[in-house]
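Each remark here refers to the structure printed beneath this line.
The values are calculated or read from the model by the stated rules, or taken from the named source; none is laboratory data. Source: prediction; values computed, not measured. Don't worry about glycine lacking a Cβ; one is built from the backbone with ideal geometry, like all the others, and counts go over all protein chains shown.
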Protein chains: 4
Amino acid sequence: MVTFETSFPVRYAETDRMGIVYHANYYVWFEVGRNELLKSAGLPYWEIESQGVFLPVVKGFCRYRRPARFGDTVVVKTRVEELRAARIRLSYEVYRQQDNALLAEGYTEHGFVDGSGKPINLRKGHPQIWEILHKLKNLK
Amino acid sequence: MVTFETSFPVRYAETDRMGIVYHANYYVWFEVGRNELLKSAGLPYWEIESQGVFLPVVKGFCRYRRPARFGDTVVVKTRVEELRAARIRLSYEVYRQQDNALLAEGYTEHGFVDGSGKPINLRKGHPQIWEILHKLKNLK
Amino acid sequence: MVTFETSFPVRYAETDRMGIVYHANYYVWFEVGRNELLKSAGLPYWEIESQGVFLPVVKGFCRYRRPARFGDTVVVKTRVEELRAARIRLSYEVYRQQDNALLAEGYTEHGFVDGSGKPINLRKGHPQIWEILHKLKNLK
Amino acid sequence: MVTFETSFPVRYAETDRMGIVYHANYYVWFEVGRNELLKSAGLPYWEIESQGVFLPVVKGFCRYRRPARFGDTVVVKTRVEELRAARIRLSYEVYRQQDNALLAEGYTEHGFVDGSGKPINLRKGHPQIWEILHKLKNLK
């Protein structure tokens with residue numbers, strides 16, 4: 001499961017005047033977790049896009065438990081939560097590396113669309129991509 | 001209700017390589033809507049903070065319906081959805097000004113904390129702020 | 001010259017833990033100024049792109065004089081500084097609206113390229129766009 | 001010199017609709033390089049701030065040579081270019097890891113100020129911090 005974890009230091013740019021990481025940036029961290037998960041499965045997201053498949057976010061949620069601060073290194077744990085022909089849901093947990101405290105948890109749901117934004121049936125249209133995502137889902 | 005609406009053009013910086021606005025930026029737009037709502041009530045958020053009250057986000061959700069693009073002007077409609085002694089929930093709708101299409105809707109939930117991050121009872125501790133937020137809630 | 005000025009409130013997301021606006025965000029404000037300047041000339045940037053002309057930044061500079069803070073409304077003044085067949089330079093000044101204090105000044109230089117990133121001669125290839133930019137330059 | 005290099009993958013959030021990394025984000029990458037340089041010297045930036053010393057950016061410049069794209073891993077090389085009692089200048093080069101192509105180069109200049117933004121003489125006021133920065137400068 002090591003490949004589904006990714007960690008990186010908080011950037012100063014990500015903080016706000018409250019002295020903590022601005023909430024919207026957790027979605028960027030979710031994206032980093034998602035990218036690393038896909039890379040670890042041999043299917044980096046840019047390869048999905050180069051096959052004409054795009055995964056725009058259709059829904060997102062985050063529960064913030066403790067603030068992340070500059071100086072923290074955060075660990076993002078990502079997994080495929082749900083997979084359907086037309087969409088995928090990934091879930092994320094963000095931890096503070098120093099003491100393993102849970103900082104936030106959330107999910108993003110993505111549609112499968114083509115270059116013009118039209119929904120596609122991934123299982124039928126792109127069985128190879130589907131197969132890899134399916135394996136990721138069942139790895140849990 | 002006009003004062004609870006705010007509109008602004010999409011920034012190029014907010015788009016991503018899919019040609020649409022990156023999902024995390026909608027939370028920044030929600031923030032703009034929230035700020036304008038508070039200003040319209042004579043209680044800009046910086047004045048709340050200058051009284052030692054902070055409103056970190058504890059939960060956030062967004063449902064993305066249609067993509068926003070560079071060239072669009074977006075309209076954010078904001079309202080106070082729920083108010084309790086320890087937290088507040090605001091909800092948001094984002095429209096494309098040109099055709100009034102709904103692009104996204106969501107909410108943010110905020111705790112009331114002091115400068116050290118400790119939860120406070122807003123109603124008891126800061127009745128004047130409470131009063132204004134309470135009026136905003138009932139204006140709907 | 002009013003149309004070359006644009007103003008907007010600082011976003012909380014733009015601040016950092018020093019309590020001031022993070023320096024990189026001034027380039028986003030420069031972009032807002034640039035977009036409004038082009039709109040005011042009847043040539044919004046998305047129309048330039050829709051004609052297959054792109055203006056990637058090749059050089060940028062900013063001198064920060066006083067910090068911008070949440071609560072400030074900033075005014076961006078933009079002008080075309082230099083125009084050549086292959087590139088354009090715009091310069092910017094950022095003021096704090098309350099007291100007209102100069103917060104920052106800088107410039108961006110942009111190449112003219114086609115959709116594949118190849119440099120183009122704007123004067124020859126797109127005389128109508130050239131004409132408008134040329135007028136903007138001489139308006140000073 | 002290995003410790004003065006840091007590398008990380010491009011984030012999707014950092015791209016724009018031109019399909020390349022938005023120019024302002026290079027300053028965030030410069031910040032990452034700066035943070036790693038200071039960490040490598042045993043003086044992480046948050047420790048500088050915890051001693052009441054802040055380094056706001058007073059000047060910044062970047063020359064963009066080739067676009068960075070999603071899928072690229074970038075390498076940032078950072079060094080202390082100039083050090084004076086009242087300010088420091090760091091310079092940066094950004095490379096594409098795959099082929100070692102130079103993507104951008106630039107600098108940031110920072111003042112030394114206290115918590116209220118007042119300039120300080122670092123050499124006199126904080127000789128230990130000064131000593132470390134001075135060593136970094138001469139390491140080149």
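Numbers for the structure displayed
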item: A:Arg79, sole failed condition from (1) more than 14 Å from the chain's Cα centre (by Cα); (2) more than 30 Å from C:Met18 (Cβ to Cβ); (3) among the basic types (Lys, Arg); result: (1)
item: All positions within the range B:1-39 that are part of a helix (DSSP H, G or I) and over 16 Å from the mean Cα position of the chain (by Cα); result: B:Tyr12, B:Ala13, B:Glu14
item: Checking A:Leu37 against (1) of a type outside the set (Val, Ile, Thr); (2) within 14 Å of chain B (Cβ to nearest Cβ); (3) crowded, with 22+ Cβ neighbours inside 10 Å; (4) over 24 Å from B:Trp46 (Cβ atoms), the condition it does not meet; result: (2)
item: Residue count for the range D:56-75, restricted to those that are β-branched (Val, Ile, Thr), within 12 Å of another protein chain (Cβ to nearest Cβ) and in contact with a helix residue (DSSP H, G or I) (Cβ under 9 Å, 6 or more places away or on another chain); result: 1
item: Every residue from the range A:40-55 that is outside any helix (DSSP H, G or I) and either within 11 Å of another protein chain (Cβ to nearest Cβ) or within 28 Å of B:Val113 (Cα to Cα) (or both); result: A:Pro44, A:Phe54, A:Leu55
item: When residues of the range A:56-83 are limited to those that are outside any loop (DSSP other than H, G, I, E, B) and aromatic (Phe, Trp, Tyr), the one surrounded by the fewest Cβ atoms within 10 Å (Cβ to Cβ); result: A:Phe61
item: Exclusive hit being under 12 Å from the mean Cα position of the chain (by Cα) and over 25 Å from B:Glu14 (Cβ atoms), set D:Leu43, D:Leu55; result: D:Leu55
item: Residue that is nearest to the other protein chains (Cβ to nearest Cβ), among those in the range D:1-34 that are surrounded by fewer than 18 Cβ atoms within 10 Å (Cβ to Cβ) and out of contact with any helix residue (DSSP H, G or I) (no Cβ under 9 Å at 6 or more places or on another chain); result: D:Gly19
item: Complete set of residues in the range D:92-135 that are touching a Leu at 6+ places or on another chain (Cβ under 9 Å) and either modelled with pLDDT under 95 or part of a loop (DSSP other than H, G, I, E, B) (or both); result: D:Phe112
item: Positions within the range B:94-131 being surrounded by 14 or more Cβ atoms within 10 Å (Cβ to Cβ), away from chain A (no Cβ under 14 Å) and within 19 Å of B:Glu36 (Cα to Cα), in sequence order; result: B:Tyr95, B:Arg96, B:Ile129, B:Trp130
